[in-house]
1. Could you give me the residue pairs with C-beta distances under 8 Å whose first residue belongs to the range 229-249 and is within 17 Å of Ala139 (Cα to Cα) and open to solvent by less than 100 Å² (accessible area, probe 1.4 Å), whose second residue is among the β-branched types (Val, Ile, Thr) and in a helix (DSSP H, G or I) wherever it lies, and which are 6+ apart or on separate chains?
2. For the range 57-66, does any single residue satisfy the condition of being within 14 Å of the chain's Cα centre (by Cα) and at negative phi?
3. Out of everything in the range 27-58 that is of a type in the set (A, V, I, L, M, F, W, C) and open to solvent by 50 Å² or more (accessible area, probe 1.4 Å), what residue ends up being modelled with the highest pLDDT?
4. Looking at Asp188, Asp179, Asp155, which is the one that is farther than 26 Å from Gly88 by Cα and open to solvent by less than 50 Å² (accessible area, probe 1.4 Å)?
5. What helices (runs of 4 or more DSSP H) completely inside the range 143-249 contain at least 1 residues that are acidic (Asp, Glu) and under 19 Å from the mean Cα position of the chain (by Cα)?
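The values are calculated or read from the model by the stated rules, or taken from the named source; none is laboratory data. All figures in this text were calculated on a predicted structure; none of them were measured in a lab. With ideal geometry, Cβ positions are generated from the backbone for all residues, glycine too; neighbour counts draw on all protein chains shown. Heavy atoms of the whole protein, side chains included, go into the accessibility calculation; ligands, DNA and RNA do not. Shrake-Rupley method; radii C 1.70, N 1.55, O 1.52, S 1.80 Å.
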Amino acid sequence: MGATSRERYAVASCHVERLLDDDVWARFCTVQASAPGGFRIAALIRPPDPAYDEDETTWLARARIAATQGPLGHHTHWTAPDHARPTGGETAARVRAEGEHLRELRLGPTLFCGGGWYTDAEVAGACAELEYVDCTPRASRPSYLAPGERWASLDAPAHVELPSGSVLRAIPTTHTLGDVTRALRSRDLPPLLHVYFHDTDLLDRRRRVLLGFVLRLLARRATVTDLVELAARALPEAPRIRWDDVART
């Protein structure tokens, strides 16, 4: 990562998809506030879906709390609250509309991650317009994607040159909880470890314990930071990469 390449950085994020579920929210809020291992966990939050009559007042109050406890990001589900990847419609238009609404609510997210790891050139362009740092690119292909489904591949921060001429700032998501658990058994770790989990994972006591254990152990072997600070450190000297070299099916 440019001048910082000799250092190993670790960050954590959560895909917060059930902010209106009292139990899920309580567990996520507690974990985020506790900052296990010193990690300021980024909350990548799915906005309320008006088609499903989700309570925006409660959602907004909780989103504001999450924003005080760590970086805030925008997480889009294109089809339904429980269906992340698109099944039709204008993908980029949804990102723009949600992003503009979040700004109207004065939340000001600076990060993005597409639901189900979906992205395309138009979605990437919408993220660039909204000045997001995009965490949708993955270091490895999500195992559950069917052949031909779109995703984006990166293993380090980059400026992605889009077909439209705009440039997307990107920091990849690199490790699930299982991935980082396995990685920590190795003597050598990669320069960037971006660990992610879902808010619903916290309903499982074993996964809550694993999360805390893994982040505390990781803090002994890497420089703990958060996604906003990492973007400020790594992106100024990050390479420029063509969209065609990032897009995958």
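1. Hits for this filter: Ala234/Thr4.
2. The first filter runs over the range 57-66 and keeps only residues within 14 Å of the chain's Cα centre (by Cα), leaving none.
For the range 57-66, residues within 14 Å of the chain's Cα centre (by Cα) and at negative phi: absent.
3. Step one: list which residues in the range 27-58 are of a type in the set (A, V, I, L, M, F, W, C), which gives 28-29, 31, 33, 35, 39, 41-45, 51.
Filter once more, keeping what is open to solvent by 50 Å² or more (accessible area, probe 1.4 Å): 33, 51.
Numbers: Ala33: 98, Ala51: 92.
Taking the candidates together, the pick is Ala33.
4. Values: Asp188 fails: open to solvent by less than 50 Å² (accessible area, probe 1.4 Å); Asp155 fails: open to solvent by less than 50 Å² (accessible area, probe 1.4 Å).
Just one listed residue meets the conditions, Asp179.
5. 177-183, 227-234
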